[in-house]
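Notes follow once the structure below has been shown.
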Amino acid sequence: MLSDNQACRRTGNQMIRPLAITRFTVVDQMVDALRGMILTGEIRQGGSLHEADLAASFGVARSTVREVLRQLAGEGLVSFAPGRGAEVRNLSRQDAMDAFAARRALESYAARTIAALSESDRESALEPVATALAAFDSAAERHDPSALADAHMDFHLAVVAALGSPRLTAFARSVHHDLRLWMMAIDCEKDDAPEQVACHRRLLELLCTATPDAAEKAVRDHISDGTQAAATVLKQNTAADLVD
């Protein structure tokens, strides 16, 4: 089991905060602008992102646009369709609900398995989870939505990775990648990054100390809450056009 001092150090309470670096390149500014337009629904899901039009609108070279689209694709916000070029990714309601159901089953199983480990093995398994939580905390302080989404996903991926199965970890990564747009939309809608960090800190503490039954229930309930938040975002049709 992690000691109180270890938990504080690993959850970021005793860490020296990294300095925020101001982003100033043309690519960075354009990525930020397009990301905001996607998350607010100004550019709808399935909407085309034509290189020539974007280059003219932003007054940049098409090579710059290609780099911007590449970065947004890496964030899970943009996809490239044969014959159509770049477009905002589509994620139907059923796709999202299926992905959340897969997360709930896999991560609750991982929580039960971790909680059944010996004290020393559990501590070792949870070290990457604590590291991800520290990054989550840092992203929340910087008010960086992209980094926040990455850290949020990394926390949950670290829980699955603790199982030691490359296949299950790869599956979890694929599911999270599909949900990234939705999760960013939820984060923007809720706008409560400090509370999200605190919630995940409590979850880590439970994984450190709870029985297998309690750990499994905590993770299942946590993801069920996320599923409900996603359904609310869908119903209100905010942040992204996540419809069938």
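Read-outs: derived from the displayed coordinates by stated rules, not from any lab. The structure displayed is predicted, hence computed values, not measured ones. Using ideal geometry, Cβ is built from the backbone for each residue, glycine included, and neighbour counts are taken over all protein chains shown.
Remark: the range 155-168, residue by residue, has Karplus-estimated 3J(HN,Hα) of 4, 6, 5, 5, 4, 5, 4, 5, 5, x, 10, x, 5, 5 Hz, where x stands for each Gly or Pro and the curve is 6.51 cos²θ - 1.76 cosθ + 1.60 at θ = phi - 60°.
Taking amide H as placed 1.01 Å from N in the peptide plane, GLN45 has its amide H under 5 Å from the amide H of ASP241, each at least 5 places away in sequence or on another chain.
Here the range 26-88 is treated with +1 on each Lys and Arg Cβ and -1 on each Asp and Glu Cβ, and its dipole about the Cα centre works out to around 160 debye.
Between VAL26, VAL78, GLY36, the Cα set farthest toward the positive side of the dipole of the range 26-88 (charges on each charged residue's Cβ, about the Cα centre) is that of VAL78.
Count Lys and Arg as plus one, Asp and Glu as minus one, and take only other residues whose Cβ is under 9 Å from that of LEU77; the net charge is then +2. Backbone amide hydrogens, once placed in the peptide plane, bring VAL78 within less than 5 Å of ALA73, ARG89, excluding anything fewer than 5 places away on its chain.
Look at the Cα gyration tensor of the range 26-88: its axes a ≥ b ≥ c give a/c under 1.5, and that counts as rounded.
Just to confirm my numbers, what's the Cα centroid distance between the range 100-138 and the range 48-98 in Å? If you average the Cα positions of each part, the centres end up 33 Å apart.
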